[in-house]
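J.: So that we are looking at the same thing, I have put the structure below in structure tokens.
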Amino acid sequence: MKNKLMLSSLLVLVSIPVLAFDISEVQKNQSPLAAEFVQLDDNKDEKLSRVEAGKDSLFTAQSFAKADKNKDGKLNLDEFSKFKSADQQKKTGQALDDSAVTTKVKSKIFATKGLKSYQISVETYKGEVILSGFVDSSEAKTKAGQVAASVSGVKSVKNSLEVKK
């Protein structure tokens, strides 16, 4: 009998903390975007007005209209999350593309006779390659720019290489 009483008391104690959870807290913790949505939702109506969403710099008047798929003038969690996720994926994809372009340019410079790859720094931003550093001649500077421009994925080259004197 004593063991039965202890077991039922234990079950009551274990179940009390479970009942203390607020369902909105559980929902907030499901994803960072859901938590961000809840934080922006000032009036707690589970929809974001243009003003509420505008506290996030992503949501300009134009982007808010694109995100508002059902055209009700408010964003629900699904509309907000899909638009934010697409933007984040786009940014991640661009960074990966830029990294791949940088690697390809560096490899091609390394493989080009007459260029000393340790003298040339390569950075890429949105397909624009920036060359910097010090090279031995104006021919090397020109050649490096041509090599960079010939790589697939390069939209433009800013050749900031300096010729050593």
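J.: Cut-off under 19 Å on the C-alpha distance; same-chain residues fewer than 8 positions from Lys74 excluded. Which aspartates and glutamates are left, in chain and number order?
T.: In chain and number order, the partners are Glu36, Asp41, Asp42, Asp45, Glu46, Glu52, Asp56, Asp87.
J.: I would also like to ask the following. What FRET efficiency, computed as 1/(1 + (r/R0)^6) with R0 = 35 Å and r the Cβ-Cβ distance, is obtained for Ser160 and Leu33, rounded to the nearest 0.05?
T.: 0.35
Readers should treat all values here as calculations from the given coordinates under stated rules, not as data from a laboratory. Here the structure is a predicted model, which is why all the values come from computation and not from measurement. Here the Cβ is made from the backbone with ideal geometry for all residues, glycine too, and neighbour counts use every protein chain on show.
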